[in-house]
Structure formats: C-alpha cells, structure tokens
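What follows is a short report on a single structure.
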Amino acid sequence: MSIVSEFKEFAVKGNVVDMAVGIIIGGAFGTIVKSLVEDVIMPPIGLAMGGVDFSALQVVLKDASTNDAGEAVAAVAIKYGVFLNNVLSFLIVAFAVFMLVKSINKLKKKEVAAPPADPTTKECSACFSTIHIKATRCPNCTTELKAA
C-alpha cells in the first residue's frame, strides 16, 4: 500500500474527522468563554471590588523608559490580572467539558444490554453435576433426565 493511499485512508476515517470538528468547535468555544469572562463576568466583579479592572492589575518590576536612541522601552511587569482572567476562563471551559462528558456517559449507561444467551448446560437433579442441556441421561450418575 502506498503512502498516499494509507494517508487517504487515515484522513477520511470517522475519528479523524470527528477530532477535527471537535478542535474547531473547541477553538470557537474558547473565544466565547474568553469574551464571557473578560466582558461579562469580570467587569461586575471589578465594580463590586471598587472599580478594579482585572486586566490592568499588574506588578511593575521596571518602569517604561527610553533608550539612548530615544526609542520607547516597554515596562516589565507581572500581569496577574490577565492571569486571573485566564484561570477563570479555564475553569469555565473545564466545567463545560466535565458536564459534556458526564452527559455522554449518562447516555452510554442507558444503552440496553444484549439479552442473555440461552443456557447450554443444566444441572443433574440427582448428582448436581453440570451437563449439556440436551442430555437425557447424566454421564456421571446415569440418572435419566427430562428432555429440555
């Protein structure tokens, strides 16, 4: 089998296509969650905490300056507000994925199990040994048995 045909077989398998769709939907979902956190959840929390803009929270290690050539040098800062926004975004995505997996698992449990197969053995009423279901005489104690 050539590499091209092997790749074509791999690429059109259902699992690969499902994974690609999942990645695309996941990226779009991540964008929605990011907007939810930054634009909907964090502003009221910041307002309740005295008008704090979480995305602007930072610890400045070195102030912005200009170098010898007159070019601006950006400040060096630890932006923990942006980090808090990202942690909240992660928690929302993780909870959504948890709920999705939980619901899928619940659906899988509801699948009906296959009915049990018909028995192929029975027990001798005299010696209690296991014998074939169609046997009319026990091979161990030679007791005559009822036909199944």
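Filtering 4, 52, 60 for residues that are assigned to a loop (DSSP other than H, G, I, E, B) and either at pLDDT 85 or above or β-branched (Val, Ile, Thr) (or both) leaves a single hit, 52. Among the residues of the stretch 78-91, none qualifies, meaning not one is basic (Lys, Arg) and loosely packed, with under 11 Cβ neighbours inside 10 Å.
Looking at 91, 47, 84, which is the one that is in contact with a helix residue (DSSP H, G or I) (Cβ under 6 Å, 6 or more places away or on another chain) and assigned to a helix (DSSP H, G or I)?
Values: 91 fails: in contact with a helix residue (DSSP H, G or I) (Cβ under 6 Å, 6 or more places away or on another chain); 47 fails: in contact with a helix residue (DSSP H, G or I) (Cβ under 6 Å, 6 or more places away or on another chain).
Among 91, 47, 84, only 84 is in contact with a helix residue (DSSP H, G or I) (Cβ under 6 Å, 6 or more places away or on another chain) and assigned to a helix (DSSP H, G or I).
The single condition among (1) surrounded by 13 or more Cβ atoms within 10 Å (Cβ to Cβ); (2) not in a loop (DSSP other than H, G, I, E, B); (3) not acidic (Asp, Glu) that residue 135 does not meet is (2).
Suppose the filter is farther than 14 Å from residue 92 by Cα and not polar (S, T, N, Q); does residue 26 pass it?
No.
Cβ separations smaller than 8 Å between residues 6+ apart or across chains give the following pairs from the stretch 83-97 residues that are assigned by TED's automatic domain parsing to the domain that holds residue 29 to residues that are outside any helix (DSSP H, G or I) and at pLDDT 85 or above: 84/57.
The values are calculated or read from the model by the stated rules, or taken from the named source; none is laboratory data. What you see is a predicted model, and the numbers here were worked out from it, not measured in a lab. Here Cβ is always computed from backbone atoms with ideal geometry, including for glycine, and neighbour counts include all displayed protein chains.
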